[in-house]
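Participant: This is the structure, below, for whatever I ask next.
The numbers here are math on the coordinates, done by the rules we state, and not lab data. Quantities reported herein were computed from a predicted structural model and do not represent experimental measurements. With ideal geometry, Cβ positions are generated from the backbone for all residues, glycine too; neighbour counts draw on all protein chains shown.
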Amino acid sequence: MKKTKFNSVHKKLNAKLVDFVGYEMPIQYSSIINEHKAVRNSVGVFDVSHMGQVFVSGEKALDFVQYITTNDASKLTSGKVQYSAMCYENGGIVDDLLVYRVDENNFMLVINASNIDKDFEWMVKNNKFGVELRNESDAYSLLAIQGPNSKNTLQKICNKEIDLEYYTFFTSEIAGVEMIVSRTGYTGELGYEIYFKGDEETAEKIWNEVFEAGKEYDIQPVGLGARDSLRLEMGYCLYGNDIDQTTNPLEAGLGWITKLKKGEFLGSADIIKAKEAGLKRKLVALTTDEKAFPRKGYELSVNGEIVGIVTSGTVSPILEKAIALGYVQSDLAVEGNTINFLIRGKEISAQIVKLPFVKK
């Protein structure tokens, strides 16, 4: 298994380590519920160094990004970030990603750990613009500092005033190390992500400085377990669960990042065809007051008939009830409709609700 440069830190903290897409990663340190609530109520830190970073450089860098992603990158100015996706020619999703515009001719694409090799190969295959593509995923470490006290924590050790708007970034020094600081995250809380290069010693130094700065806020290390429950409370899609190569971005509720009027991009023709033909299924949010734990792969039913499938599910630590995302037939995908979780042969009544589950 691959290891991030924080691996020795996780072991010192007695984290429960698991194989996550080929990386030895912490699933939890204390408990998923405690870590989840630390982020919602104060501040928590995630090692997300397994994520990938691909740099795009050249005079036609924007043209390449426009062609390979679904959102309109021409709207980005230097220092801005955009949520987007890449699609296959048939409209299926290659990956969802963040697009950072470094300057006029340079972009950083942040991609999912499970897809790094596949994504990079896809970019190289479709580089008809002669841009330079550099996969620097192994060179960067990445920490997500998330929660209401994240800014207070980070400001103590940052050499610039942190006045970033949502989905913007700058370069600065934190604890004496140069890094990219972005106001992004996967939790729905105020939060930041910091990218930097360096060895294990540098990584441990940064970790310790962040935790010293957040000590008065009872800062906590947070594993992938709480990362999943936090993103699900907000209704954020997870690649491999809610979206994948079989998923059209429109049926996944990602029409807002699929700019069909910007001009041709990979998959646009088939996405338009699917829209004109009418979507057969849609991703919906479901919750129930009954005792249940919906899991990925559980079937959804109405009057004994299977109408869909759960793609992500958990019991919300904040709401203390079951929440899930899942695909259902388009005609049933209406807020307020009753759809049943089919759990061990028993139908448990649930309702389609508007996202996010936890209102911020």
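Participant: Along the charge dipole of region 1-160, pointing to its positive end and built from +1/-1 on Cβ of Lys, Arg, Asp and Glu, which listed residue (Asn106, Val124, Leu13) has its Cα farthest out?
Facilitator: The listed residue farthest towards the positive side: Leu13.
Participant: Moving to a separate point now. Give me the net charge of Gln351's neighbourhood, meaning all other residues with Cβ under 12 Å from the Cβ of Gln351; Lys, Arg count +1, Asp, Glu -1.
Facilitator: Values: positive: Lys321, Lys354; negative: Asp289, Glu290, Glu335.
Around Gln351, the surrounding residues sum to -1.
Participant: Can you give the FRET efficiency to the nearest 0.05 for Asn41 and Val334, using r as the Cβ-Cβ distance and R₀ = 41 Å? Don't skip to the answer; put the middle values down first.
Facilitator: Working: r = 34 Å, r/R0 = 0.83.
The value I calculate is 0.75.
Participant: Please report the net charge: other residues with Cβ closer than 13 Å to the Cβ of Leu190, K and R +1, D and E -1. Intermediate values should be presented prior to the final figure.
Facilitator: On the way: positive: Arg40, Lys151, Arg183, Lys360; negative: Asp163, Glu165, Glu189, Glu193.
Net charge around Leu190: 0.
Participant: Find how much the distance from Lys3 to Asn34 grows on full extension, using 0.36 nm per residue of separation minus their present alpha carbon separation; answer in nm with one decimal.
Facilitator: On the way: separation 31, 0.36 × 31 = 11.16 nm, distance 2.50 nm.
Length gained between Lys3 and Asn34: 8.7 nm.
Participant: Another question, then. Under a Cβ-only charge scheme (Lys and Arg +1, Asp and Glu -1), can you give me the dipole magnitude of region 52-135 about the Cα centre, in debye to the nearest 20? Display every interim value, and only then the final one.
Facilitator: Values: 8 positive and 12 negative charges, 18 e Å.
So the dipole magnitude of region 52-135 works out to roughly 80 debye.
Participant: Take each of the peptides 238-251, 272-285, 200-213, average the number of other beta-carbon atoms within 10 Å over its residues, and list them starting from the highest. Before the final figure, lay out the partial values.
Facilitator: Details: 238-251: 19.4, 272-285: 15.8, 200-213: 17.4.
In descending order of packing, they fall as 238-251, 200-213, 272-285.
Participant: Express in whole angstrom the spacing between the alpha-carbon centres of region 92-163 and region 229-276.
Facilitator: The distance from the Cα centre of region 92-163 to that of region 229-276 comes to 19 Å.
Participant: To continue, here is another question. What's the local net charge at Tyr67, with K and R +1, D and E -1, over the other residues with C-beta under 11 Å away? If you can, show how the numbers build up before the last one.
Facilitator: Values: positive: Lys60, Lys128, Lys262; negative: Asp63, Glu264.
Counting the neighbours of Tyr67, the net charge comes to +1.
Participant: In region 74-120, how does Rg compare with the Kirkwood Rh, expressed as the Rg/Rh ratio over alpha carbon atoms?
Facilitator: Numbers: Rg = 11.6 Å, Rh = 11.5 Å.
Rg/Rh for region 74-120 comes to 1.01.
Participant: With the crude spin-label approximation of a point 7 Å out along Cα→Cβ, what separation in nm comes out for Lys80 versus Asp138?
Facilitator: Between Lys80 and Asp138, the label points sit 3.5 nm apart.
Participant: State to the nearest 20 debye the size of the charge dipole of the chain about its Cα centre, where the only charges are +1 on K and R beta carbons and -1 on D and E beta carbons.
Facilitator: Working: 42 positive and 49 negative charges, 137 e Å.
Rounded to the nearest 20 debye, it is 660 debye.
Participant: Taking region 75-220 on its own, what percent of its Cα-Cα pair distances exceed 17 Å?
Facilitator: On the way: 6847 of 10585 pairs.
For region 75-220, the share of Cα pairs beyond 17 Å comes to 65 percent.
Participant: Assigning unit charges at the beta carbon (Lys, Arg +1; Asp, Glu -1) and nothing else, what dipole magnitude in debye, to the nearest 20, does region 280-355 show about its Cα centre? List each step's numbers first, then the result.
Facilitator: Values: 10 positive and 8 negative charges, 54 e Å.
Using Cβ point charges on Lys, Arg, Asp and Glu, region 280-355 gives about 260 debye.
Participant: While we're here: Rounded to the nearest 500, what is the 222 nm mean residue ellipticity of the chain from helices alone, with -39500 (n - 2.57) per DSSP H run of 4+ residues and division by all residues? Provide the component values of the computation, followed by the final result.
Facilitator: Values: 8 runs with 75 residues, N = 360.
For the chain, the value works out to -6000 deg cm²/dmol.
Participant: Where Rh denotes the Kirkwood radius from the mean inverse Cα pair distance, what is Rg over Rh for the chain? Before the final figure, lay out the partial values.
Facilitator: Working: Rg = 20.6 Å, Rh = 21.2 Å.
Ratio value, two decimals: 0.97.
Participant: Filter the chymotrypsin sites (Phe, Trp or Tyr not before Pro) in region 1-93 down to the DSSP loop ones having no more than 14 other Cβ atoms within 10 Å, then list what survives. Provide the component values of the computation, followed by the final result.
Facilitator: Values: sites: Phe6, Phe20, Tyr23, Tyr29, Phe46, Phe55, Phe64, Tyr67, Tyr83, Tyr88; in loops: Phe6, Tyr29, Tyr88.
Those satisfying the criteria are Tyr88.
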